[in-house]
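Reading through the structure tokens given below for one structure.
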């Protein structure tokens, strides 16, 4: 036999031997309701039992002493790595999905705790097939980096369904879409269980969350959905929802929270409600938490024991312990901690990344709090010098690393990724922070290719906030020196090419109370005309609760009706057809009958073919100061609703004459019909017929704007060419 023939026989024998290398079998169980069929975009859940030797090693780890564990950690991939490969038989489309460790929990209302139901299948895999037809799945398990176990190949069929799928960026780059149709997410922050024994303010190191807090929270979300709410924003926070805090890489003791998040996501899937899912509340990034929320800040810093009636007796975060660090930015800059933060992200995506009820993942809330001393209001992120550079670098590094990890390493592209920042106030700013010097480190997160959406957090109560200054005589141009929401968003589009949403925005602390929630109504009825793609109001989730001894005086849920009305208006077929075929945006503000202030505000959006316009006109003498009708008798200069400018404190009725507002940029000499809609409930008011002039300008012959919450201080309108 020649050498070539001998070599060929050897290679064949070696290959055959390698293929027959035995891996212990694991038996996959289908835990969804239907074993052979699953609806398109619906959850298929698989599980399997741990082999005996592996189970012992995992149990050893889970139940050994904190910070001194031995065995196999089921929450980190370098110890236990479970991968399911889903393949579509017709197209060859392949999805690799990570498995995760799971505890089946149950509420014990009487005992005020959660009990473990001891599932036989502690490793779970979740997948929502994006295509109909036949699929296969096979699972492999690596222990300490070495493949040890695998499953037989399982087959299942995905049936057609009416589910709309995942949220995407619309082709025009300005808006979002789902199921091929533009959507305008308009809703509330319903951030986490908040009303019942809020642990943010706990003075007891070992105090745990009341079960009833989650009972109430689920009922709150359910009520919101039943009343017509379709969009809300949610946060992972150690107080009630997060999987990790006290010890890095150890999620076992927080599985009750993860199980409760499961229930919320399943509820939203049933009710077709979309969640803007924020993956990390900013408190852990702070030296001292803001709003006296010290329990879950980064470490045990406590410079002034007289500032609060107790010392910081709470546990420091696991990352402070891991790094032996007092500075939160270390968490985002050190390789050791980032390794664990990626595992935390991996678990979140593995457990909830299947769901079409999640509209997007925001990576971190309010990154400008990195290294902040919330007690003394020291904010390095906005400061010059080494500390400022460090905070901005940490914020950028975390966003960049996690976004890349999600999309490039985990290859998870089902969901859009959002990055939160401050509104770049001014006539030229495009960054989330102030720029003092060319030498300072810039937080360039919004430029990152893996970030899909810019999410803004912005609070101010001034009536002029949407158009602080308007330069030039052309409504539709952003000219040098103009400072308005629309022109800032236009700059963001031009520089980043991404949709802009208001992840949280409002008039500011306390204004929802002294304005009787009218501040919310005023904001939500205007934002969609600034080119923003969505808006989540902050105040709207708190309410009085006798059981918890809450001091809350006002039921903020009264704002839901106006928010839901706005959501329905913005997402109507007529309205979304304008956004989908966006042409231009215009805005103006005007005096009225010799007023010193420009007390009338007008904004609109025109479609590309200039035959449709949608807009509003607003009487700014109706504002947080005048909304209750009580005026000076109830609102003094110390109130958050106080407005210094006298003219804004005197309610007026505004008519369309003598200062005539106009829509610009339409066709010349064309007849248009204008339809007007109510402030209170979006009901039709009246319609008029108006002809545009030679220059394509159309007079806005609007009904009277009366500065009264029970009338029409703000009116929506639609324009159609006849």
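The values are calculated or read from the model by the stated rules, or taken from the named source; none is laboratory data. Because the structure is predicted, anything quoted here is derived from the model rather than measured. So basically every Cβ, Gly included, is an ideal-geometry build from the backbone, and we count neighbours across all protein chains shown.
Odds and ends about this structure:
- Matching residues in region 369-399 - criterion: being in contact with a strand residue (DSSP E or B) (Cβ under 8 Å, 6 or more places away or on another chain) and surrounded by 23 or more Cβ atoms within 10 Å (Cβ to Cβ): 372, 399
- Of all the listed residues (216, 131), the sole one being more than 29 Å from residue 236 (Cα to Cα), surrounded by fewer than 20 Cβ atoms within 10 Å (Cβ to Cβ) and under 29 Å from the mean Cα position of the chain (by Cα) is 131.
- Residues located in region 686-720, provided they are in contact (Cβ under 8 Å) with a residue 24 or more places away in the chain, surrounded by 16 or more Cβ atoms within 10 Å (Cβ to Cβ) and in a strand (DSSP E or B): 698, 699, 705, 706, 714, 715, 716, 717, 718, 719
- Only residues that are assigned to a loop (DSSP other than H, G, I, E, B) and either surrounded by 23 or more Cβ atoms within 10 Å (Cβ to Cβ) or modelled with pLDDT under 95 (or both) were counted across region 242-260, and they come to 4.
- Here the condition is being outside the structural domain of residue 524 (by TED's automatic domain parsing) and in contact with a helix residue (DSSP H, G or I) (Cβ under 9 Å, 6 or more places away or on another chain); of 617, 650, it holds for 650 alone.
- Answer residue from region 112-123, given it is without any contact (Cβ under 8 Å) to a residue 24 or more places away in the chain and either out of contact with any strand residue (DSSP E or B) (no Cβ under 7 Å at 6 or more places or on another chain) or in a loop (DSSP other than H, G, I, E, B) (or both) and is nearest to residue 77 (Cα to Cα) among those: 118
- Scan region 557-602 for residues that are part of a loop (DSSP other than H, G, I, E, B), on the phi < 0 side of the Ramachandran plot and surrounded by fewer than 16 Cβ atoms within 10 Å (Cβ to Cβ) and the total you get is 4.
- Checklist (1) modelled with pLDDT of 95 or more; (2) assigned by TED's automatic domain parsing to the domain that holds residue 233; (3) farther than 17 Å from residue 172 by Cβ applied to residue 539, failing item: (1)
- Just one of the listed residues (554, 518) is surrounded by fewer than 17 Cβ atoms within 10 Å (Cβ to Cβ) and either in the same structural domain as residue 428 (by TED's automatic domain parsing) or closer than 16 Å to residue 623 by Cα (or both), namely 554.
- Condition met for residue 296 (assigned to a loop (DSSP other than H, G, I, E, B) and closer than 17 Å to residue 200 by Cβ): yes
- For region 178-212, the tally of residues that are free of Cβ contacts under 8 Å to residues at least 40 places away in the same chain and assigned to a helix (DSSP H, G or I) stands at 0.
- Boolean, residue 345 is under 30 Å from residue 83 (Cβ atoms) and either touching a helix residue (DSSP H, G or I) at 6+ places or on another chain (Cβ under 6 Å) or assigned to a helix (DSSP H, G or I) (or both): yes
- Scanning region 461-476 for residues that are loosely packed, with under 15 Cβ neighbours inside 10 Å and either in a strand (DSSP E or B) or modelled with pLDDT of 90 or more (or both) yields a total of 2.
- Residue count for region 588-614, restricted to those that are over 30 Å from residue 513 (Cβ atoms) and touching a strand residue (DSSP E or B) at 6+ places or on another chain (Cβ under 7 Å): 12
- Filtered by the rule that a residue be outside any loop (DSSP other than H, G, I, E, B) and within 18 Å of residue 96 (Cβ to Cβ), region 149-177 gives 149, 150, 151, 154, 155, 156, 158.
- Qualifying strands (runs of 3 or more DSSP E) (wholly inside region 25-104; at least 2 residues being modelled with pLDDT under 95, in contact with a helix residue (DSSP H, G or I) (Cβ under 7 Å, 6 or more places away or on another chain) and under 20 Å from residue 122 (Cβ atoms)): none
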